[in-house]
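Heads up, the thing below is written out as structure tokens.
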Amino acid sequence: MLLTFLTVNVIHAQFVCPELLGNQTTVTTIHYKIAGGSCSNYPNNILVTYNSYSQSFTKTSCNGSNLKYTTDGLPLPVVDSFTTYFGLAGNICQYQNGVLVTLSDNQVTLDEQVIIFPNPIMYGDDIKIKFRSNMSAKLNLYNVTGKLVLSDEVNDSDSKRMTTSNLTNGIYMLQIESDNQSATRKILIMK
């Protein structure tokens, strides 16, 4: 068990957000340039979000310097500005106008630090909220009439799972409040 713990920490320490190859990236394929490490440092599946839209992409090739992910699902609405969640180690990389954003956590707005998936919720009852780093925040989910339908908190953690089993299909607004910042995301339930 100790060996497994050490292996995860080594992989996490070697992870570096890859550069985006904008001219080769399309709405269904994302090409990254990796500077070091190996292809095994990058997960087989990634989650890409743009505003309230989320889509899973699968690794289709990697040759040590070029990394390619594709999707069979809905295409990305845009290909130059999005956030990628690179799986187990909790690595979140943000791209704006085809360039990797390298700001520290305290320079990035709360809205830029949050990934919500799956969205839309088509199967299952849970929605996961992933933060760029550990934080404390209030989470309030409102229906389209503005009625509070679900409330929760995250305390010094980088993720939170919320159960939506008691909610009907429709559009909801998730308000996230932390310190003096807030962010609002649209959530769609389509079961």
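Any read-out appearing in this document is the output of simple, stated calculations on the displayed coordinates, not a laboratory observation. On a predicted model such as this, the values are computed, not experimentally measured, just so you know. Positions of Cβ are backbone-derived with ideal geometry, glycine not excepted, and every protein chain shown enters the neighbour counts.
Remarks
- The H on the amide N of Ile34, modeled in the peptide plane, is under 5 Å from the matching H of Asn66, Leu67, each at least 5 residues off or on a different chain.
- Backbone N within region 38-55 under 11 Å of label point (7 Å from Leu74 Cα along the Cβ vector): 50, 52-55
- Note, ³J(HN,Hα) from phi for region 136-149, Karplus 6.51, -1.76, 1.60, rounded to Hz, x at Gly and Pro: 10, 7, 9, 10, 10, 10, 10, 7, 5, 8, x, 7, 5, 10
- Point-charge dipole on Cβ atoms (K/R +1, D/E -1) for region 109-189, about Cα centre, debye to 20: 240
- Restricting the calculation to Cα atoms, region 109-189 shows an Rg/Rh of 0.93 when the hydrodynamic-style radius is the Kirkwood one.
- Amide H within-cut-off set for Ser54, under 5 Å, with H built and near neighbours excluded: Asn119
- Of Lys68/Lys160; Lys160/Lys186; Lys160/Lys191; Lys59/Lys130, those spanning more than 23 Å from alpha-carbon to alpha-carbon: Lys68/Lys160
- Couplings 3J(HN,Hα) of region 63-80, computed from phi: 10, x, 10, 10, 10, 10, 10, 9, 10, 9, x, 5, x, 5, x, 9, 10, 10 Hz, in residue order, whole Hz [Karplus 6.51 cos²θ - 1.76 cosθ + 1.60, θ = phi - 60°; x for Gly and Pro].
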